[in-house]
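The values are calculated or read from the model by the stated rules, or taken from the named source; none is laboratory data. Just so it is clear, the model here is predicted, and its values are computed rather than measured. Cβ sites come from the backbone with ideal geometry, for glycine too, and all protein chains shown count toward neighbours.
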Amino acid sequence: MKSSVIIFPGSNCDRDMDVALKKFGFKNKMVWHNDGDLPQSDLIVLPGGFSYGDYLRCGSIAGKSKIINSVIDFAESGGLVLGVCNGFQILTETGLLPGVLQQNKNIEFICKNVFIKINDRENKYFNNIDKEILELHIAHNEGNYFCSNDELKKLEDNNQIAVSYCDNKGNCDYQANPNGAIKNIAGIFNKNKNILGMMPHPERMIDKYLSGDDGSLFFKNILNNLKR
Amino acid sequence: MTVNEKVAVDHGLKKDEYKKICDLLKRVPNITELGIFSAMWNEHCSYKSSRKHLKNLHTKGKKVIQGPGENAGVIDIGDDDAIVFKIESHNHPSFIEPYQGAATGVGGIMRDVFTMGARPIANLNSIHFGSPQHKKTKNLLRGVVKGIGGYGNCIGVPTIAGQTTFDESYNGNILVNAMTLGLVNKNKIFYSKAAGINKPVIYVGSKTGRDGIHGASMASAVFDDKIEEKKPTVQVGDPFTEKLLLEACLELMADDSIIAIQDMGAAGLTSSSVEMASKGKLGIELNLNKVPCREEKMTPYEIMLSESQERMLIVLENGKEEKAKKIFDKWDLDFAVIGKTTNSKNIELYFDEKKVASIPIDFLAENAPVYDRKWKKIKLPQSIKFKKQDFKTLKIEDCLKKLLSNANICDKQWIWDQYDHTVMGDTIQKPGGDSGVVRIHGTSKAVAASVDSSALYCFAHPLSGGKQIVCESWRNLISVGADPIAITNCLNFGNPEKEKNMGEFVECVHGITEASKYLDFPVVSGNVSFYNETKDKGIKPTPTIGGVGLIKNYQNMISMDLKNTGNIILVIGKTIGHLDQSIFARNILSEKKGPPPEVNLFNEKNNGFTTLKLINEKLVESCHDVSLGGIIVAISKMCLKGKRGIKINQLKGLVNKFEYFFGEDQARYLVEIQKENLTKVDKILKENSVHYDELGTVIDENIEFSDEIKLSIDDLEKTYKNWLRKYMIN
């Protein structure tokens, strides 16, 4: 299975994502944002980092870059597009996903392990993971998801809220919300569920010597779906 | 502007230094030249007060590839891998503008490391603030932490360990020391020594602005009431550009286009061009009209003295300009050929087709003043005779709770949650342990790093204090199972023109040297920060040691969290119960006098190597060195991290319990071992003549000691974890 990780100036989780994808069997290509066309891929990943320094709104400049048009075409034709952290921010800036990611409620950068609850199984990212709750890692300054009530209703009605912050028992309450995100939202899908944006970093949790290895389940699951 | 003695003094030069300049040049310098002299001859760049003593440092060793004198030190970790590392201060700017001061401190030290061809793989920091009650402390702490995070997080290098202390002596001068480790192939290291004549001199990175002019001079003076006016001398960081610069430089370094490379740090274009030429015994000619400028009508003086960040100077092989330019264009960075190397042995500057400066390089580098400053020896203070009644009303439980919530011991999670410590996907020991540990990507190896300082010990007796910090660093590496290799030091002191402060410096350096020689733990890089003084009040002497060690197989790394109920805890090393200068004496008994604990280098080495042997034989489940707060604080931390308790055995003999639990004797470790391994462990310790006590047994949830301590781990955790968070919120 082929994947592509797009590198923008200021991306800094690109290598980590490359390592993770390859570890679980993807043939991954690193694609420089200015290098023209996308290689043929089964999965496109927008990695974390600080594209263009995030000096304007996070992800906004990358969201207007040349290569993004090819990403949009790919997504609209049903291809899998995953945006992690800054990648999620970029996806909201392109309009592929609704809402925005605001500054964390405590106005501080947060780097720590969190638990997330899998809300939907009708998709290729989480369908066969045999755990309800995953332990992943967040590292962001702007992860506070927000959208209008209408958009939120649509997300809920279509089961587009992919994952929500929770405690180790699965309670999605105020205490388990690290950044103030509306409804504890940690990640969302588009309507067709081929596009996933999420703040937690699965690529940092791929062996037991790291902060944990629940990220492995995530990558293995995507790969298994693509192989089918 | 006409140059005269007054103008020279305003530039921070002494009158006799100005006279020396005129004598050397056999004329009066123009203003640009004076600016260049002042930048090269200030304390920060010339090490004029410290050089004489730094010569004595122990800097050689089997694994040392590059010692002090380059952008950073380099050590061999086997298989052609080398680690480049250094620590550097950014104290003065951080006090004036905490966010930018700290951020550019991190940016500067990372540049030092990737200048040598290494990709940064870990950051650490040692930060020191005034008393928590002081009105500035909270905002300075918040700003510094945000600045460190803001820069390191954006670049994408994990911040894996650090140290934060509070002491009233930092009320007017905080300390911000930043350390970076980078990984390089040992055959592809880049140096700053220029070679060859008529080689193009290339400027890359950000444009030059008016920020940071005289930054290095500012860092070479004491503070007074008008310190706020110095804000314009603080540089402004742009981590995004640094990330691009890092990638572009590493891309260019993939082949052999570069002859020499030097980052523009303190004293900017001046020191980088002079240093490269000086090391290569060459001259250098620059056309300042070619320097990319951010602001209009910048003068040669401003261009030469600007400390704008994220810039590099490169001496390139002839004919490689186009190739190099292509790389920098790809990364949207400025690229300009601004001059060439010459055989004149002068630095010659042109602007608007006129020669605006011409100075022999030797005058700036080799002929810079060196001072043999007077210094005062500091005697070992008399021991305090604590009496029984001093302890009569005290309860161990209360004392322990008080110390665990003490600003200098309490949990610092509020700080490190704001640093990205997991990016790059190789962090296997996060901040909060004895050392931070990152894997060498794609191998079974890992490097451990720790930063340490003990200002109270150094203040009480600099010689002992200097030795102690080297040992502490050594222990912190061993505690995670790493073989200690080398250190970097950041020497933060007061005004060297005062005999007492100079004495503190000289004797701390002496102590560091003695310990690093004995432990074969050489110093490979570092920096000196003097003049940490405000209105005649200096800081306590605060040398900071950054230690680096190697774990051959990362799967054998040790952490401090208790692993299993039923295991036994041993105290390796002898406990005498030295309370003088301990955090207990200071905070519970209000006793600030007395000598710091004695450092016995034989015991340090022997106990350290024996502990490492136990770890390598896979006999140790968890390990933590005993330092601030003594045995009871150390075991409490192990309990809190592992969410398990301990039942402490009755003490043998007639020991004072307070001395036993809170004494800060050196050369000690706590280790957790399985019961069935006790015989083997006992044998190894005895064979090596290492003293040990059995402290107790791991139990489920309390810390218990006869009928005197019964504390639940949950309660203790609140005490330990809440102080800093509450302090920052209120």
Original post:
Exactly one of (1) in a loop (DSSP other than H, G, I, E, B); (2) buried (at least 21 other Cβ atoms within 10 Å of the Cβ); (3) more than 14 Å from chain B (Cβ to nearest Cβ) is unmet by A:PRO178. Its number?
Top reply: (3)
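Got at least one residue in region A:114-126 being of a type in the set (D, E, K, R) and assigned to a strand (DSSP E or B)? Don't jump to the end; show me each part of the working.
Initially, region A:114-126 is screened for residues of a type in the set (D, E, K, R), giving A:117, A:120-122, A:124.
Next cut, assigned to a strand (DSSP E or B) only: A:117.
Looking through region A:114-126, at least one residue is of a type in the set (D, E, K, R) and assigned to a strand (DSSP E or B).
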Original post:
Counting only residues that are assigned to a strand (DSSP E or B) and within 23 Å of B:ASN408 (Cβ to Cβ), which one in region B:675-730 is modelled with the lowest pLDDT?
Top reply: B:ILE709
**OP:** Please state which of the following conditions A:LYS112 fails to meet, knowing it meets all the rest: (1) within 14 Å of chain B (Cβ to nearest Cβ); (2) without any contact (Cβ under 8 Å) to a residue 12 or more places away in the chain.
**Re:** (2)
Original post:
If you go through region A:119-146, how many residues are touching a Ser or Thr at 6+ places or on another chain (Cβ under 9 Å) and away from chain B (no Cβ under 14 Å)?
Top reply: 2
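Is there a residue in region A:51-68 that is of a type in the set (Val, Ile, Thr), part of a helix (DSSP H, G or I) and away from every other protein chain (no Cβ under 11 Å)?
Within region A:51-68, one or more residues are of a type in the set (Val, Ile, Thr), part of a helix (DSSP H, G or I) and away from every other protein chain (no Cβ under 11 Å).
Among B:ILE551, B:ILE569, which is the only one that is crowded, with 24+ Cβ neighbours inside 10 Å and within 14 Å of chain A (Cβ to nearest Cβ)?
That would be B:ILE551, the only listed residue that is crowded, with 24+ Cβ neighbours inside 10 Å and within 14 Å of chain A (Cβ to nearest Cβ).
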**OP:** Run B:ILE384 past the list (1) touching a Gly at 6+ places or on another chain (Cβ under 7 Å); (2) within 13 Å of another protein chain (Cβ to nearest Cβ); (3) among the aliphatic types (A, V, I, L, M) and report the number of the one that doesn't hold.
**Re:** (2)
Original post:
Inside region B:94-151, can you point out the residues that are among the charged types (D, E, K, R) and buried (at least 24 other Cβ atoms within 10 Å of the Cβ)?
Top reply: B:ARG111, B:ASP112
Subject >> Matching entry among B:LYS355, B:LYS325, B:LYS345 (being more than 14 Å from every other protein chain (Cβ to nearest Cβ), free of Cβ contacts under 8 Å to residues at least 24 places away in the same chain and within 30 Å of B:GLU17 (Cα to Cα)) >> reply: B:LYS355
**OP:** Residues that are at pLDDT 95 or above and closer than 27 Å to B:GLY130 by Cα: find the strands (runs of 3 or more DSSP E) completely inside region B:432-529 holding 3 or more of those.
**Re:** B:446-452, B:483-492
**OP:** Can you work out which of the residues in region A:14-36 that are within 12 Å of chain B (Cβ to nearest Cβ) and assigned to a loop (DSSP other than H, G, I, E, B) is surrounded by the most Cβ atoms within 10 Å (Cβ to Cβ)?
**Re:** A:HIS33
**OP:** Give me a count of the residues in region B:382-433 that are farther than 14 Å from B:GLU717 by Cα and of a type in the set (Lys, Arg).
**Re:** 6
**OP:** Would you please name the residue that is farthest from A:LYS23 (Cα to Cα), looking only at residues in region B:434-456 that are in contact with a Ser or Thr (Cβ under 9 Å, 6 or more places away or on another chain) and facing chain A (nearest Cβ under 10 Å)?
**Re:** B:VAL437
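For (1) touching a Phe, Trp or Tyr at 6+ places or on another chain (Cβ under 8 Å); (2) in contact (Cβ under 8 Å) with a residue 60 or more places away in the chain, each residue gets a yes or a no:
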| residue | (1), (2) |
| --- | --- |
| B:ILE635 | no, yes |
| B:ASN649 | no, no |
| B:ASP665 | no, yes |
| B:ASN677 | no, no |
| B:LYS680 | no, yes |
| B:LEU685 | yes, yes |
| B:VAL690 | no, yes |
| B:GLU694 | no, yes |
| B:PHE705 | no, yes |
Subject >> Residue in region B:79-107 that is farthest from B:THR180 (Cα to Cα), counting only those that are out of contact with any Lys or Arg (no Cβ under 7 Å at 6 or more places or on another chain) and in a loop (DSSP other than H, G, I, E, B) >> reply: B:ASP79
Original post:
For residues in region B:395-433 being within 20 Å of the chain's Cα centre (by Cα) and among the β-branched types (Val, Ile, Thr), which is farthest from the other protein chains (Cβ to nearest Cβ)?
Top reply: B:ILE409
